[in-house]
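Please read the structure below before turning to the comments.
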């Protein structure tokens with residue numbers, strides 16, 4: 001039988017796969033070979049018929065997208081005689097009976113689907129996309145009855161606003177945002193108590209500090225390592241796609257620092273996300289090649305007369321054109337009571353559909369039962385219209401980045417209207433501005449346009 005050997009690239013990839021830490025995070029620049037290393041990790045155990053591993057992405061499309069974990073796994077696992085199946089979850093079963101499953105944790109409550117599970121190896125691809133509570137809940141599911149010591153492996157790109165940034169701060173120069181070379185792969189010990197993470201250089205320090213005496217208590221501290229990646233670490237990618245470096249260098253400043261240089265501290269400042277001068281076309285009429293339309297709402301229910309500096313409710317109507325460009329058609333921004341907000345949203349849906357045809361309405365769904373109940377109430381209110389409610393996740397800055405990249409590239413046109421000045425002013429002051437409702441609605445409208453397959457439009 002032909003022997004098949006998979007080897008990590010020398011350097012950071014090799015260090016990641018050789019780490020003895022309970023939790024090892026491989027994070028930094030794009031193209032560093034992180035996801036490939038993650039897929040290699042289970043191979044050391046697949047001869048064990050009782051071994052199971054789970055690889056998580058935030059959403060199912062991220063798993064199944066071309067070039068994602070699932071498609072890339074075929075280049076590895078199929079060569080080892082493993083059998084794929086798609087239902088109930090994408091999964092590989094190896095000849096021994098060992099499995100590697102791919103799953104999402106899109107909503108916060110999805111973590112409870114894993115209640116009672118025992119998973120020896122848990123892997124997170126793009127850890128910054130997951131909440132801290134999801135990570136630590138899944139850490140409690142990291143158990144083993146197969147003889148393999150339970151452990152966690154994760155990859156990510158830098159995100160200064162994520163919970164991961166303070167979690168790995170010891171490995172990062174807090175003045176520059178760049179990883180400290182001498183600390184790459186070094187192990188520290190972590191103990192979490194009352195939702196606070198405590199650190200020490202030695203496990204015994206945590207035993208003494210928190211009076212951990214029993215065998216079970218002394219097993220609670222976990223060893224943690226962080227390994228930074230750069231594009232230069234992935235020599236195979238540099239050889240196969242030399243233009244990838246040029247693509248990263250062409251990114252806007254903040255994204256270039258994150259994805260090319262692995263900077264964990266840089267953030268967008270006011271004016272770096274959106275500038276009105278980046279709008280190439282201010283159009284007097286809607287072009288006739290619009291193929292998709294979405295009105296996304298950012299909700300607030302505090303009327304202007306009430307105390308507490310009330311927030312705004314914003315509704316942004318955005319279209320996608322046949323030529324691939326986008327257009328902001330209309331923006332509503334009001335301070336109203338909860339009942340008036342409902343009236344406005346219903347009335348606007350009626351006007352939009354009468355004027356433009358089938359306009360999808362997107363609403364945010366806040367976490368928890370109250371958010372679910374509110375979303376269901378709005379869906380009933382908008383019966384007869386195309387409507388969706390999507391859970392809110394991630395920072396406002398992270399949600400804005402996809403549409404901001406199109407804005408900066410000059411791919412978004414704006415219809416001339418009396419709302420233009422207020423809209424531009426808020427976008428240009430983001431994220432430093434107090435109010436971000438129109439930005440949030442713009443982010444969600446763009447996300448919905450990209451998420452949905454085509455739906456009808458007519459004048």
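The values are calculated or read from the model by the stated rules, or taken from the named source; none is laboratory data. Source: prediction; values computed, not measured. So basically every Cβ, Gly included, is an ideal-geometry build from the backbone, and we count neighbours across all protein chains shown.
When restricted to residues that are in a loop (DSSP other than H, G, I, E, B) and surrounded by 17 or more Cβ atoms within 10 Å (Cβ to Cβ), region 82-102 contains 4. For residue 31, the test of being outside any helix (DSSP H, G or I), without any contact (Cβ under 8 Å) to a residue 60 or more places away in the chain, within 26 Å of the chain's Cα centre (by Cα) and closer than 25 Å to residue 230 by Cα is failed.
The set of residues from region 34-60 being surrounded by fewer than 20 Cβ atoms within 10 Å (Cβ to Cβ), over 17 Å from residue 156 (Cα atoms) and in contact with a helix residue (DSSP H, G or I) (Cβ under 8 Å, 6 or more places away or on another chain) comprises just one member, 43. Within region 425-439, residues that are not assigned by TED's automatic domain parsing to the domain that holds residue 331 reach no partner that is at pLDDT 85 or above with beta carbons closer than 8 Å at six or more positions or on different chains.
The residue list 405, 395 contains one member that is at pLDDT 90 or above, surrounded by fewer than 18 Cβ atoms within 10 Å (Cβ to Cβ), closer than 29 Å to residue 128 by Cβ and in the same structural domain as residue 436 (by TED's automatic domain parsing), which is 405. Here residue 291 fulfils each of the conditions (1) crowded, with 18+ Cβ neighbours inside 10 Å; (2) assigned to a strand (DSSP E or B) apart from (1).
Residues of region 424-439 that are touching a helix residue (DSSP H, G or I) at 6+ places or on another chain (Cβ under 8 Å) and part of a loop (DSSP other than H, G, I, E, B): 430, 431, 433, 435, 436. Limited to region 24-33, what total is found for residues that are in contact with a strand residue (DSSP E or B) (Cβ under 8 Å, 6 or more places away or on another chain) and surrounded by fewer than 23 Cβ atoms within 10 Å (Cβ to Cβ)? Number of matching residues: 0. Taken together, the residues in region 119-133 that are in a loop (DSSP other than H, G, I, E, B) and out of contact with any strand residue (DSSP E or B) (no Cβ under 8 Å at 6 or more places or on another chain) amount to 1. Please give the helices (runs of 4 or more DSSP H) falling wholly within region 306-423 in which 3 or more residues are touching a residue at least 12 places away in the same chain (Cβ under 8 Å) and under 20 Å from residue 286 (Cβ atoms). Per the criteria, 338-356, 396-408. Scanning region 132-149 for residues that are crowded, with 18+ Cβ neighbours inside 10 Å and within 26 Å of residue 30 (Cβ to Cβ) returns 134, 135, 138. Only strands (runs of 3 or more DSSP E) whose full extent lies in region 134-227 are considered here, and the ones with at least 3 residues that are more than 30 Å from residue 257 (Cα to Cα) and either in the same structural domain as residue 100 (by TED's automatic domain parsing) or touching a strand residue (DSSP E or B) at 6+ places or on another chain (Cβ under 9 Å) (or both) are 187-193.
Within the option set 105, 79, being at pLDDT 90 or above, crowded, with 20+ Cβ neighbours inside 10 Å and either in contact with a helix residue (DSSP H, G or I) (Cβ under 6 Å, 6 or more places away or on another chain) or farther than 20 Å from residue 142 by Cβ (or both) holds for one residue only, 105.
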